[in-house]
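Okay, so here's the structure we're looking at.
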Amino acid sequence: MTLRLHNFYRSSTSTRLRAALNLKALDYDYVAYALRKGETRTPDYLARNPQGLVPTLELEDGTSLAQSLAIIEWLDEVYPEPALLPKEPLGRARVRALAFMIACEIHPLNNLRVLFRLRDQFGAEEATQKEWATHWVTLTFDALEAELSGSASTGRYCHGDTPTLADLCLYAQVWNNRRFDIPLETWPTIARIFAELDALAAFRDAAPPNQPDAA
């Protein structure tokens, strides 16, 4: 199956999906968009993804899939190895909870369209935007660190010794944090897991600075 990934190099949701595709050894065509230039707001792109967001995964038959977590779970069902969710229900629930802490509690509050809204409607300058992002990252990463450091289910990675959906989200968010100069050393367990993930080619090759459209 020929896959086309419509994405932006610095988008954390795109980073998650690139790492998932790499883990499953799936080749894909890389299609880059510049979000600040409004390239996902064109009629052609909106016909593919009415939200005008990245990533979008286009299948060989022209079907387009949106929302990174939904796409990753689709990949796990269609290409089950290596599995990105544990087989046992409790493990699946824990991995989803860890992933959702990042994807639902941090990401929506520090993506570009929210930061632009803060700037345009409330006059938030860059320093204020940085303070905003740091607040929401810290609130959730403190809780995430407590869960990861205190649970016997944490292994080399967020859950056990193989990467899961939770690791995809964590890795991408740590890269996003660097935009705001948020020090990773504050959370030693998260820092350790990130280093383990960054040593894997599937993750490192998905990192924002290693993309063809990286500025």
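The values are calculated or read from the model by the stated rules, or taken from the named source; none is laboratory data. All figures in this text were calculated on a predicted structure; none of them were measured in a lab. Quick reminder, even Gly has a Cβ in these numbers, built from the backbone with ideal geometry, and neighbours come from all protein chains shown.
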**Prompt:** Within the set of pairs 6 or more residues apart or between chains, which connect a residue that is touching a residue at least 40 places away in the same chain (Cβ under 8 Å) inside the stretch 158-174 to a residue that is surrounded by 24 or more Cβ atoms within 10 Å (Cβ to Cβ) and of a type in the set (Asp, Glu) with Cβ atoms less than 9 Å apart?
**Reply:** 158/167; 159/167
**Item:** Set 21, 26: member being in a loop (DSSP other than H, G, I, E, B), touching a residue at least 12 places away in the same chain (Cβ under 8 Å) and among the aliphatic types (A, V, I, L, M)
**Value:** 26
**Prompt:** Under the condition of being of a type in the set (Ser, Thr, Tyr) and over 17 Å from residue 11 (Cβ atoms), which residue from the stretch 44-82 is surrounded by the most Cβ atoms within 10 Å (Cβ to Cβ)?
**Reply:** 79
**Item:** First in the stretch 93-110 and free of Cβ contacts under 8 Å to residues at least 40 places away in the same chain, second anywhere and part of a helix (DSSP H, G or I), Cβ under 7 Å, 6 or more apart
**Value:** 105/140; 108/114; 109/136
**Request:** Could you please tell me which pairs satisfy a Cβ distance under 6 Å, a separation of 6+ or placement on different chains, a first residue in the stretch 175-198 that is in the same structural domain as residue 149 (by TED's automatic domain parsing), and a second residue that is surrounded by 13 or more Cβ atoms within 10 Å (Cβ to Cβ) and basic (Lys, Arg)?
**Result:** 180/130; 196/156; 198/204
**helices (runs of 4 or more DSSP H) (entirely within the stretch 102-215) containing at least 2 residues that are closer than 23 Å to residue 35 by Cα and over 16 Å from the mean Cα position of the chain (by Cα)** = 112-122, 126-150
**Message:** I'd like to verify a number: residues in the stretch 86-123 that are among the polar types (S, T, N, Q) and either modelled with pLDDT of 95 or more or not assigned by TED's automatic domain parsing to the domain that holds residue 163 (or both), how many?
**Reply:** 1
**Sole exception among (1) over 21 Å from residue 110 (Cα atoms); (2) in contact (Cβ under 8 Å) with a residue 60 or more places away in the chain; (3) not in a helix (DSSP H, G or I) for residue 10, by number** = (1)
